[in-house]
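Student: After the structure tokens below, expect a handful of questions from me.
Any read-out appearing in this document is the output of simple, stated calculations on the displayed coordinates, not a laboratory observation. In this text, all values refer to a predicted model and were calculated from it rather than measured experimentally. When we count neighbours, we look across all protein chains shown, and the Cβ atoms used for this are built from the backbone with ideal geometry, even at glycine.
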Amino acid sequence: MRSLSRQHSFWLAGGLAFYLVFLVRGERHLFQWFGPHEYWATHWARDYSGGFARRGLLGEIISFVGADNTSYALITFASWIVALGLAAVAIDAMWRLTRKMGQWDAILLSMAVFVSPATFGILLETLGDPLQLILLIYILTARFVLPGRNLLIIAPVFALLGLFMSLTHEASVFFVLPALGIQALVLRRDLVSWTAFGACLTTSAIVVAILMLTNMAEAPASNPVLHLGGAGFAYEGKFDSFDNLLGEELTRMFGSGFYGLYETAARVGGAMMVPVFLGLMFIASRYGANIPPTPIQARAAISFALVMLAVFPLMLIAHDWARFFAYILLVYLATMADTTPDDDESKPMPGSAGFVAGGILLAGLTTTDKLDQYRMDGLWWQPRLMLTCLVVFALTALFVMLSRNDRACRPMSERED
């Protein structure tokens, strides 16, 4: 009997990670199906039948090809295809990034990344979110079209991508544009990347500007009716205007005195802590952290910092902050996999084993908890778990510092001998 190849073993581990997260985080929603929440499902059913509507392009495309955009069965099927596609993209990205590492080092690092509310967990919690579809299309386009270096193809493709993503969900500009920007500014630094970034920026900026100027709050009565067989359901929430969303968030953050500022800081910390830890763990284990850093180490760290910072403006008009940091982490991993040379050897920093051990422990802590509403403020909704994770982070940092000090002292002792 032939044994599994290393690549097959890696993909099997990734599939098991997704199944494990599904066992813990999978939820029944509308009509008792393991499908998307009614809020996300409603996005697929919105169209232009009653006039232009924000986020109506996806439903319009479904109707245009002759399908029923209000069918919950169709929406569920499409949502699972997208979520599984993004999971496969994440597994493939980690495989390409870790294949120069030892087999078990690569698997343990990847499992710490996958078994997390900020990766596979967010794909299940926000199943059906149209942003997932946009990210999947962008990642595949960046991987297979961008390296082609044909400006006559790249310019129109990314211009169309800008139109599609901004008309499907305007928040996508905070993920796609930063990813293209770091490729042009930090990673690839060539005319092709700048062309793709400029084309996507131009079309998406025009659409978002129009939406900002014309958007009005929509009453719940305007929501389409989803159906499964003879049963129907209409989402009772409203799609609010940008002005109302901005006013609500600013009041919550800065209009409630000291407690409002404290809550804002806690929400930001709860939303960022898992994605930031996973990103730092990945960089430390794959690229290392020399002083001064090598060029590829500097590019990896700068790119991670830039994409994380790019999400902050979105907090002014949106409530689910942890969802955004989780999405940008997935985009970052895919971007690094596309731009890291195939012959680049893994150079883990001293103490990276402690980072991975902390990641595995973090995966266990967060996966054994349902993490209700993680997409909103991350671990802030579970303060005891958040404090426990902070202890894990502190112990990991201590281990890394001791490992670096031990390595720094070793050459001195060898010279004295």
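Student: Please list the non-local residues whose amide H lies under 5 Å from the amide H of Thr126, H modeled 1.01 Å from N, same-chain partners needing a gap of 5 or more.
Tutor: none
Student: Right, something else. Check which residues have an amide H placed less than 5 Å from Phe239's amide H, if you skip close sequence neighbours.
Tutor: Glu218
Student: Once phi is turned into ³J(HN,Hα) by the Karplus curve 6.51 cos²θ - 1.76 cosθ + 1.60 with θ = phi - 60°, what whole-Hz value does each residue of segment 346-355 show in order, with x for glycine and proline?
Tutor: 6, 10, x, 7, x, x, 5, 4, x, 4
Student: I'd like the Karplus ³J(HN,Hα) series for segment 80-95: coefficients 6.51, -1.76, 1.60, θ = phi - 60°, whole numbers in Hz, and an x wherever there's a Gly or Pro.
Tutor: Karplus values, whole Hz, x for Gly and Pro: 5, 4, 5, 4, 5, x, 5, 4, 5, 4, 5, 5, 4, 4, 5, 4.
Student: I'd like to compare 321-328, 198-205, 249-256, 95-102: which one has the highest average count of other Cβ atoms within 10 Å, and what's the full order after that?
Tutor: Top of the packing list down: 321-328, 198-205, 95-102, 249-256.
Student: I've got another one for you. Over the Cα atoms of the chain, what is the Rg over Rh ratio if Rh follows Kirkwood? Mind dumping the intermediate values first?
Tutor: On the way: Rg = 22.2 Å, Rh = 22.6 Å.
That ratio equals 0.98.
Student: Arranged from highest to lowest average of other beta-carbon atoms within 10 Å per residue, in what order do the peptides 53-63, 8-18 appear?
Tutor: Averaged packing, sorted descending, gives the order 53-63, 8-18.
Student: If R₀ is 30 angstrom, what is the calculated FRET efficiency for the pair Ala217 and Leu185, using the beta carbon separation as r and rounding to 0.05?
Tutor: That pair, Ala217 with Leu185, gives E of 0.25.
Student: How long is the gain from Gln103 to Leu365 if the chain were fully straight, where each residue apart is worth 0.36 nm and the alpha carbon distance is subtracted?
Tutor: 91.9 nm
Student: Read phi for every residue in segment 114-120 and hand back ³J(HN,Hα) as whole Hz from Karplus 6.51 cos²θ - 1.76 cosθ + 1.60, θ = phi - 60°, with x for Gly and Pro.
Tutor: 6, 7, 8, x, 8, 10, 5
Student: Stretched out fully, how many nm does the piece from Ile302 to Thr388 gain, at 0.36 nm a residue minus the Cα gap?
Tutor: Working it through step by step, the gained length comes to 28.1 nm.
Student: Given the peptides 176-185, 309-318, 283-292, 23-32, arrange them by the average over their residues of other C-beta atoms within 10 Å, most packed first.
Tutor: Ranked by mean Cβ neighbours within 10 Å, highest first: 176-185, 283-292, 309-318, 23-32.
Student: If a paramagnetic tag sat 7 Å from the Cα of Asp372 along the Cα-Cβ line, which residues of segment 1-24 would have the backbone N under 19 Å from that point?
Tutor: Answer for this model: 23-24.
Student: Against the 2.2 N^0.38 Å scaling, with N counting residues, where does segment 150-226 land? I'd like the Cα-based Rg ratio to two decimal places.
Tutor: Rg over 2.2 N^0.38 Å, computed on Cα atoms: 1.32.
Student: Using the basic label-point model (7 angstrom from Cα toward the beta carbon), what is the Ala88 to Ile210 distance in nanometres?
Tutor: Placing both labels 7 Å along Cα→Cβ, they lie 3.4 nm apart.
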